[in-house]
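Student: Below you'll find the structure I mean.
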Amino acid sequence: QSGGPRNLMAMKSMFRSRGLMGLRGSTFRYGKISILMAAVCLLCICVSGGLSSRGERTLSLTASAISERVTTTASMRRNFSQGRRVQCATQKREMCTRAIAATGKPSWQQTMLRIKDPKVSVPYYEQKYGMRLLDKYDFPDMSFSLYFMATIPDDVKTPEPGTVEAHKFLWKFPGTTLELTHNWGSEKEESAIYHPGNTEGDGFGHIAFSCNDVYEACDGLGDTGVSFKKKPDEGRMKGLAFAYDPDSYWVEIVKNPEPLDGKKFHFAQTMIRVKDPKKSLKFYVDHLGMSVIREKHFDDFSLYFLATIPDGTTEHDPRNPVLELTHNHGTEDKEDFSYKNGNEDGKKGFGHVGFLVDDVYKKCEELEAAGYKLLKAPDGGSMKGLAFALDPDGYWVEIVKRGGYDEAATPYFT
């Protein structure tokens, strides 16, 4: 038609106004349907013999449809890509757990802190750091409850806490949980009742969460009322922060070692101070199956980062926490020096770390043969089948049977 060039220029102008001209690569190449729509649009113009008001309206509607189609397709690709990465990370962690379980290797499963009020602490970790309550145990005869929390991808469903399904999930959990212990009645106390550590002689230092942007994360936490011991730009070490939890435990905020999709925060570490790193590393590496994934050495102190990883690989999933051992140089030469382990009267707060093993009795025999002491033997006390060993600094290390002892995955028997 004689009006073709003019109509084509008008169509280009309308497409350009909607951002559809000059698109390349990952957006417009999905346009087979969009191209067909454009052809239909051009046909309408040709049939109408020009850009009549009807033709303009058809062209406008078609261009809008193409714009929406292209935008939707790009968004779907981004969401799919992110979801796929999260799914792959979840599958990778599960594969690592199966590999560890298949070899009978111990796995670090928990860090325990005592809390004053679960109605405050559990929501704090849920809402501030995106943790999820995996399981809950109540012990009426001993007047305490346990709350197990962890970083879980949003697309992973978990059983209702307190159910048999939740118990089974917990005692085969592929990562490390934060175990919050509530002694009934403590919530009625007016003042703080637990010691958060970090005074002279204390061994426990902090737990930590990692994120992609420490500054942005801390701004967000501050906006929700979280108080800080140290903000990212304060002190000598820039770019990291320490927040306070409801019981005044220090919560370090650190940058992810590599950008991570999915969760804003990941449970990243537990830090304890050690007197002699050679002795501590022998205990955790040789007997509890951990690996040293990195070290940092400074003038007056050193840091050793340990994790549970499958045999035959040195790869550590950054979504899983590390056990950070802090050595202040020279303490190994002081014969009478020792750290408080968090279970002394007047200093109670941090309780223990815990490991899953296939055979609690066999692991305890191994530890005793190597010269380590048991605080509680597997057959001691009312809860049979679980134990507490003492590491070289006297920290309590719980030894728990992987998968439990019965169909309800109970980690002990009476």
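The values are calculated or read from the model by the stated rules, or taken from the named source; none is laboratory data. The shown structure was predicted, so the numbers you read here are calculated from the model rather than taken from an experiment. Every residue, glycine among them, receives a Cβ derived from its backbone with ideal geometry; neighbour counts consider all protein chains shown. With ligands, DNA and RNA removed, areas are computed over all heavy atoms of the protein, side chains included. Shrake-Rupley method; radii C 1.70, N 1.55, O 1.52, S 1.80 Å.
Student: For D358 and D299, what is the calculated FRET efficiency with R₀ set at 35 Å and r taken between the beta-carbons, to the nearest 0.05?
Tutor: It comes out at approximately 0.25.
Student: Could you calculate the FRET efficiency of E190 with K264 from 1/(1 + (r/R0)^6), where r is the beta carbon distance between them and R0 is 60 Å, rounded to 0.05?
Tutor: Efficiency computed from Cβ-Cβ geometry: 0.95.
Student: Considering only DSSP states other than H, G, I, E and B, which trypsin sites (Lys or Arg not before Pro) in region 118-224 qualify as loop sites with at most 11 other Cβ atoms within 10 Å?
Tutor: Filter output for region 118-224: K157.
Student: Okay, next question. If the only charges are +1 at each Lys and Arg Cβ and -1 at each Asp and Glu Cβ, what is the size of the charge dipole of region 185-238 around the Cα centre, to the nearest 20 debye?
Tutor: With only Lys, Arg, Asp and Glu charged at Cβ, the dipole is about 200 debye.
Student: Moving to a separate point now. For L134, what residues show an amide H to amide H distance below 5 Å, using hydrogens built from the backbone and excluding near sequence neighbours?
Tutor: Here F148, M149, A150 satisfy the definition.
Student: Past 25 Å, Cα to Cα: identify those pairs from K157/K264; K340/K384; K231/K264, in the order given.
Tutor: K340/K384
Student: While we're looking at this one, here's another question. Using a 1.4 Å probe and counting only protein heavy atoms, arrange W396, W108, W184 so the residue with the most accessible area comes first.
Tutor: Correct descending sequence by accessible area is W184, W396, W108.
Student: Summarise the long-distance tail of P(r) for region 250-357 by giving the % of C-alpha pairs beyond 16 Å.
Tutor: In whole percent, the share of Cα-Cα pairs in region 250-357 beyond 16 Å is 66.
Student: How large is ³J(HN,Hα) for each residue in region 207-224, as worked out from phi by the Karplus curve 6.51 cos²θ - 1.76 cosθ + 1.60 (θ = phi - 60°), to whole Hz, x for Gly and Pro?
Tutor: Here the 3J(HN,Hα) series is 10, 8, 10, 9, 8, 7, 9, 5, 5, 4, 5, 5, 4, x, 5, x, 5, 9 Hz.
Student: Straight-line reach only, C-alpha to C-alpha below 20 angstrom: list the aspartates and glutamates that K363 could link to, leaving out same-chain residues fewer than 8 apart.
Tutor: D286, D311, D379, D391, D393, E398, D406
Student: When Lys and Arg each count +1 and Asp and Glu each count -1, what net charge do the other residues less than 14 Å away from P161, Cβ to Cβ, add up to?
Tutor: With Lys, Arg at +1 and Asp, Glu at -1, the net is -2.
Student: So for the pair A408, D345, with labels modelled 7 Å out along Cα→Cβ, what separation do we get in nm?
Tutor: 3.5
Student: For region 312-407, rounded, prolate or oblate, judged on the Cα gyration tensor with a ≥ b ≥ c (square roots of eigenvalues), a/c < 1.5 rounded, else prolate if a/b > b/c?
Tutor: Oblate, because a/c is 1.5 or more while a/b does not exceed b/c.
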